[in-house]
Every structure is written in C-alpha cells, then in structure tokens.
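So the structure is just underneath, and the comments pick up after that.
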Amino acid sequence: MSVVPYKEKNTGKKQQVAEMFNNISKKYDFLNHFLSLGIDILWRKKAIKYLKKDQPKYILDIATGTGDFAIEALALKPEKVVGVDISEGMLTVGKEKMKRRGLDNIIDLQLGDSEKLLFEDNTFDAIIVSFGVRNFEDLEKGLKDMNRVLKKGGKAVILEFSKPTKFPFKQLYNFYFKAILPKIGRLISKDSSAYTYLPESVDAFPDGDKFLRVLENAGFKDNKCKPLTFGISSIYIGQK
Ligand SMILES: C[S@@+](CC[C@H](N)C(=O)[O-])C[C@H]1O[C@@H](n2cnc3c(N)ncnc32)[C@H](O)[C@@H]1O
C-alpha cells in the first residue's frame, strides 16, 4: 500500500498528490525555505554542480513545482529548461515567478506527468528532479520514462530526502520531522495532511543503496549517491 496524503479518500496517489500541491502551492516556497532554514536552496545548488562538466544545453526538470530547481539549473548556462508538473497550482505560482524575474523565455513550465512524458526518445542533454520522485505513483515507471527521453550519455541528477541513520541526527531528525514540522506546516498551509504526508512518504521511500538499485532497474548506469547534511537529503546521479 503506497503512502498517500489523504488516507480517507479513495482516489489514487497521483490525484491526491496533485490535489495536495494545488492546496499548498501559494505557501509552498515560503514553507520550504522556512522549515529547512534555507538549506534546501544550498542542496539544489550543490546538486546542479554535478552537471557542470557536461554543460547540458537542453534540460528537463521533472516535478518542477514552482520552478526553483529549474532556476538553479541556469547556472549551467543552458539554452532551454523545460519544467513539467502534474499540479496546475504549483505551475501557476512558478509561471508568475518566471515572468517576474524575466526568465519565461528560457524556462518553459508545462503540465506533464513524469510517468507519461510527451517528449520523443533521446531528447534532453540532462534531467533533474528535486523532491519529486518520492511523490511518484509508480517510481520505476517514472524513472524509466525519464531514461527514455534522456540522450545517450546524458545524466539524471535527483535530489530527494533520505533518512539519517546515525545518533544523534536520526533522533533529532525524527523529532523535528514527525513532531514539529507537521504542526507548523498545518498551521501555515491550512492543509491538514500535507506535512504529515511528508515524513510518512520519506519513511516509505527506498533511499540510499535501495534507490541506486531502482535506478539500475530503470536503465541507468554508473549510479552514485551523495548524502547531504547528515543524510537528511541525498543527491543521486545516474547516466544513460
Ligand atoms: C515537493 S514538490 C518539489 C517541487 C520542486 N522540484 C522543488 O524542488 O521545490 C513535488 C512536486 O512533484 C510533483 N509531482 C508529483 N508526481 C508527479 C508526476 N508523476 N509527474 C510530474 N510531477 C509530479 C508535485 O505536483 C509537486 O509539485
């Protein structure tokens, strides 16, 4: 049974995830930076550096949300970044942000499902995903379709929460993530479940070596995992 935001509803994970991100879209950026004390920004910057040598020109940002990872990817000086997401609410906030910053000519945000990407095989020089894969309804299907649209030799850089394993970080993380964060998240976002779903979905996610195996099954090779900040997050790099 996969972890879903609204356990009382009969709808599938994808529909619930889209509904949840629609509900919290206006507060998402603020809560992200507030609850992580801004560390999420540093994590995205660090992840993008793994593509520096490749100099990708055409980049796909999967589960782009409000587009923050797409914006970080501009450090690579690409010609175009396409961001796809299943939440119209998140995309609306993202599109307004791109317009405000004069980035709408280089970052193109579109409605799209990672498990059914509407792009030809071997289209992109690189694919990036931050805090997205944990929310996929079918993780392997999503990763396989990412592999399909990536050019041969291109890299996928995936940033995702993981679970610290060492004392006292594991205990501190559990206390913050399970006791503090859901309360603040609920208060500010007004969504009863979004910030309870967050730690639950991280718990259920196959992190570290387990995720490297999932990447391999999806067709990626030379897969690597780089843990960040005591293992609270990890960067995964895979190549086609
Ligand atoms: C936690 S947000 C991350 C947004 C952004 N990448 C960031 O770093 O802030 C997760 C996003 O994944 C999107 N998402 C979940 N499943 C998806 C799917 N199958 N295809 C595309 N987007 C998806 C959600 O709508 C949501 O906007």
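The values are calculated or read from the model by the stated rules, or taken from the named source; none is laboratory data. All values derive from a computational prediction rather than experimental measurement. Cβ sites come from the backbone with ideal geometry, for glycine too, and all protein chains shown count toward neighbours. Keep in mind that these areas ignore ligands, DNA and RNA; they rest on the heavy atoms of the full protein, side chains included. Shrake-Rupley method; radii C 1.70, N 1.55, O 1.52, S 1.80 Å.
Remarks
- Computed with a 1.4 Å probe on the full set of protein chains, the accessible area for LYS57 sits at about 80 Å².
- Cα-based equivalent ellipsoid of the chain: semi-axis lengths in Å, sorted from largest, via gyration tensor: 26, 21, 18
- Fraction of accessible area attributable to carbon and sulfur, region 154-240 (%, probe 1.4 Å): 61
- Förster-model FRET efficiency, 30 Å R0, LYS116 and THR92, C-beta, rounded to 0.05: 0.90
- Heavy-atom surface of the chain, accessible at 1.4 Å and reported per residue (Å²): 49
- Computed extension length for LYS7-SER36: 7.9 nm, one decimal, from 0.36 nm per residue of separation with the Cα-Cα distance subtracted.
- Amide H contacts of LEU109 (H built 1.01 Å from N, under 5 Å, at least 5 apart or other chain): GLY83
- Each residue, LYS224 and LEU187, gets one label point 7 Å from its Cα in the Cβ direction; the gap between the two is 4.1 nm.
- For ILE86, distant residues with modelled amide H under 5 Å away: GLY112
- Computed accessible area, VAL84, all protein chains, 1.4 angstrom probe, square angstrom: 0
- In this simple spin-label approximation, ARG101 and ASP203 carry label points 7 Å from Cα along the Cα→Cβ vector, and these lie 3.4 nm apart.
- Packing here is the average count of other Cβ atoms within 10 Å per residue, and on that basis the peptides 162-173, 120-131, 144-155, highest first, run 120-131, 144-155, 162-173.
- Dipole of the chain, positive end: most advanced residue of LEU117, PHE230, LEU91 [Cβ charges, Cα centre]: PHE230
- FRET E, pair GLN55, ASN174, Förster distance 45 Å, beta-carbon r, rounded to 0.05: 0.65
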